[in-house]
Amino acid sequence: MHHDMNPQGNRPDGEETFRSRAERAQPLSDREVPLAPATRTSPSIHAWLDGEIDESAVRTADTARDIDFWRKVTEETERRRAVRTPAYLEAQIMSALPGTTADGVQPWWRKEVVMTPAGAAAAAAGLLAVGAAATVAVLRTLR
């Protein structure tokens, strides 16, 4: 994309750049893109998929396409479910796994604390400020 960095928005030869003055006066807006009408699966197809009714009770001219689609989905699902991973691939996957396992989840108080010098200085300054504020509060209440 080319941007000529000209604050007037026109080119030196007087030719307008991307949008005309009339177009620039109107704000840009989104355009609505029409979608295809949504198709709904009939309740009888849902009942057939759930095994509540037989296919013969559902198959009509309107539902034949849906029934054929779901039959193909079922066949493809069963075919893919029957596919087995080759033994050499399973062996490669297992050999790529690390020999040791990571430590389990530990509570926060058992975990190692790693702190940089800057973090330690900030923590010390914060504790010092909290201590000073607590001391001032105690002294004010004793007066």
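Just so it is clear, none of the values below were taken in a lab; they were calculated from the coordinates. Model, not experiment: these values are computed from the prediction. Counting neighbours? That spans all protein chains shown, and the Cβs are built from the backbone with ideal geometry, glycine included.
Please work out the Cα center distance from region 105-143 to region 29-93, rounded to the nearest Å.
One Cα centre to the other: 60 Å.
On average, how much area does the Cα convex hull of region 58-107 cover when viewed from any direction, in nm²?
7.8
Given the peptides 110-123, 53-66, arrange them by the average over their residues of other C-beta atoms within 10 Å, most packed first.
53-66, 110-123
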